[in-house]
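What follows is a short report on a single structure.
Every number in this text was worked out from the coordinates using simple rules, so none of it is lab data. Quick caveat, the model's predicted, so the values are computed rather than measured. Glycine also receives a Cβ, built like all others from the backbone with ideal geometry; neighbour counts cover every protein chain displayed.
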Amino acid sequence: MNPIILFATALLLPATAFAHPGMALDHGLMAGLLHPFSGADHLLAMVMVGLWAGLLGGRARIALPGGFLAGMAGGALLGFAGLALPGVEAGILASVIILGALAALSLRLPLVLGTLLAVGFGLLHGHAHGTEMLGAPAFLGMLAGTAALHGAGLALSAAAQPWARRAAQLAGGATALAGLALALV
């Protein structure tokens, strides 16, 4: 089996249900880098952005992850500033379900709409992370960790064989179901 697909699949293994179980972040780059990997809700959504973008191909491969990262940066800045957003955790769970379903169906939305959706979900994820982070190094690390998870999703979708595309769609469906399960916990 392709090592890139194996790595991307390993990222989909379960982690802590939420990225905020009393985790106090320090100011360090490494703390920020690891934070997106600390909860299944964030990890799955971020991988699904890359997976969906990869399944769509073309400009979506840059626009969706780029939009998510831009939204995440904005949300983190709101969190740093102490500005509350309503429904952040519910929106994060919805992002796991919706992004998983979009990847499972390889649903082609207009690029602007798909990018706006990615920006909105990124805003929610960024806000949740931003309320826990302190300092520029942690912020930059968080963005780098998120980009790595997007890259893992892109890698999972990259194999040209039809079976690999189907496996990527199945991973999207499994993610949507995992999001539903997290919502019920």
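The table for this structure:
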read-out	value
Net charge over other residues, Cβ less than 14 angstrom from the Cβ of G126 (K, R count +1; D, E count -1)	-3
In sequence order, calculated HN-Hα J values of segment 45-56 (Karplus, 6.51, -1.76, 1.60; Hz; x Gly/Pro)	4, 5, 5, 5, 4, x, 5, 4, 4, x, 5, 6
Per-residue HN-Hα couplings for segment 134-150 [Karplus 6.51, -1.76, 1.60; θ = phi - 60°; Hz; x = Gly/Pro]	10, x, 5, x, 5, 4, 5, x, 4, 5, 5, x, 5, 4, 5, 5, 4
Ordering of 178-184, 29-35, 42-48, 80-86 by packing [mean C-beta count within 10 Å, highest first]	42-48, 29-35, 178-184, 80-86
At R0 = 30 Å, FRET efficiency that the Cβ-Cβ distance of V185 and A81 yields, to 0.05	0.50
Rounded if a/c under 1.5, otherwise prolate or oblate - segment 64-116, Cα gyration tensor axes	oblate
Prolate/oblate/rounded call for segment 42-184, Cα gyration tensor, a/c under 1.5 rounded	prolate
Relative contact order (%) - segment 42-184, alpha-carbon pairs under 8 angstrom, separation at least six	43 percent
Rounded to whole Hz, the Karplus (6.51, -1.76, 1.60) HN-Hα couplings of segment 178-183, x for glycine and proline	5, x, 4, 5, 5, 5
Net +/- balance of residues flanking L56 in space, Cβ distance below 12 Å, scoring K and R +1, D and E -1	+4
